[in-house]
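Working notes, beginning with the structure itself.
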Amino acid sequence: MKLLVGLGNPGENYQQTRHNVGFMLAAEIAGRFGISLKKKGYQGLYGVGRVAGVEATVLLPQTFMNLSGASVNAAYQSLGVSPGDLIVAHDDLDMPFGALRIRPEGGHGGHNGIRSICGVLGRGDFIRVKIGIGRPEHGDVTGHVLGRFSTAERSVLPALLQKVADATEEIFRNGVKSAMNLYNSSDLLEQIKP
């Protein structure tokens with residue numbers, strides 16, 4: 001059993017914001033494999049099915065980003081998942097929009113959702129799918145993170161999410177090392193240009 005968690009904030013106000021790109025990826029994977037994210041539990045919405053032939057639970061914590069650890073830990077403990085089978089998808093300010101990095105472990109890097117998960121689990125050796133949202137050139141970082149994607153970004157976001165979903169699917173199919181080798185050095189925006 002693998003546990004795929006997409007990080008974000010619940011509610012319509014946050015739906016299409018940069019901070020919710022983890023939710024968007026989880027929904028993309030769930031849709032691709034016919035997993036309905038309608039069950040309520042683990043302080044979140046979740047669905048159970050198979051991703052690339054592997055038994056999986058896909059979870060969207062409904063605790064708000066800064067308390068993501070409570071929801072993740074509830075599922076992690078209940079499902080008896082090992083750290084290497086926990087995959088967390090989240091936004092990353094320090095990577096440009098369109099960049100993707102897969103990591104088998106690490107620190108929180110200033111991300112409050114990851115900080116919460118590391119704090120509650122007491123460990124950082126779980127897989128991260130880091131989706132670049134870029135830093136604003138000027139102005140408020142919080143406003144940028146909680147803001148909606150620009151018109152230009154929105155025009156490529158569906159294709160970008162498909163590519164990130166391909167990379168995530170590769171983790172399920174052939175493991176994190178294979179996914180890192182295939183996707184960590186590639187420029188996803190270059191791949192989806194018409």
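Scanning the stretch 117-128 for residues that are buried (at least 24 other Cβ atoms within 10 Å of the Cβ) and assigned to a helix (DSSP H, G or I) turns up just one, I117. Inspect all residues belonging to the stretch 162-169 and state whether any of them is surrounded by 13 or more Cβ atoms within 10 Å (Cβ to Cβ), at pLDDT 95 or above, touching a Ser or Thr at 6+ places or on another chain (Cβ under 7 Å) and of a type in the set (G, A, S). Checking the stretch 162-169: not a single residue is surrounded by 13 or more Cβ atoms within 10 Å (Cβ to Cβ), at pLDDT 95 or above, touching a Ser or Thr at 6+ places or on another chain (Cβ under 7 Å) and of a type in the set (G, A, S). In this structure, G134 does not qualify as small (G, A, S), farther than 20 Å from L60 by Cα, surrounded by fewer than 19 Cβ atoms within 10 Å (Cβ to Cβ) and without any contact (Cβ under 8 Å) to a residue 24 or more places away in the chain.
Within the stretch 60-77, not a single residue is on the phi > 0 side of the Ramachandran plot, more than 15 Å from the chain's Cα centre (by Cα) and not polar (S, T, N, Q).
Taking the residues in the stretch 163-194 that are hydroxyl-bearing (S, T, Y) and in contact (Cβ under 8 Å) with a residue 60 or more places away in the chain as candidates, determine which candidate is nearest to A152 (Cα to Cα). Once the filter is applied, the top-ranked residue is S186. Of all residues in the stretch 8-20, those that are surrounded by 15 or more Cβ atoms within 10 Å (Cβ to Cβ) have Cβ atoms under 6 Å from Cβ atoms of residues that are of a type in the set (D, E), 6 or more apart or on another chain, in R18/D91; H19/D91.
Looking only at the stretch 129-141, decide whether some residue is among the basic types (K, R) and in a loop (DSSP other than H, G, I, E, B). Taking every residue of the stretch 129-141 in turn, at least one turns out to be among the basic types (K, R) and in a loop (DSSP other than H, G, I, E, B).
Comparison of L37, L25, L79 shows that the only residue that is within 25 Å of V156 (Cβ to Cβ), surrounded by fewer than 23 Cβ atoms within 10 Å (Cβ to Cβ), at pLDDT 95 or above and among the hydrophobic types (A, V, I, L, M, F, W, C) is L37. Just to verify a result, which residue in the stretch 165-194, among those that are of a type in the set (D, E, K, R) and not in a helix (DSSP H, G or I), is nearest to the chain's Cα centre (by Cα)? My answer is D187. Do we find a residue being farther than 27 Å from F149 by Cβ and surrounded by fewer than 16 Cβ atoms within 10 Å (Cβ to Cβ) anywhere in the stretch 99-109? Taking every residue of the stretch 99-109 in turn, at least one turns out to be farther than 27 Å from F149 by Cβ and surrounded by fewer than 16 Cβ atoms within 10 Å (Cβ to Cβ). Taken as a whole, the condition of being over 27 Å from T151 (Cα atoms), under 13 Å from the mean Cα position of the chain (by Cα) and in contact (Cβ under 8 Å) with a residue 12 or more places away in the chain does not apply to L25. Scanning the stretch 142-156 for residues that are in contact (Cβ under 8 Å) with a residue 40 or more places away in the chain, in a helix (DSSP H, G or I) and of a type in the set (A, V, I, L, M, F, W, C) gives V145, V156.
The values are calculated or read from the model by the stated rules, or taken from the named source; none is laboratory data. If you're wondering where the values come from, they're calculated on a predicted model, not measured in any experiment. With ideal geometry, Cβ positions are generated from the backbone for all residues, glycine too; neighbour counts draw on all protein chains shown.
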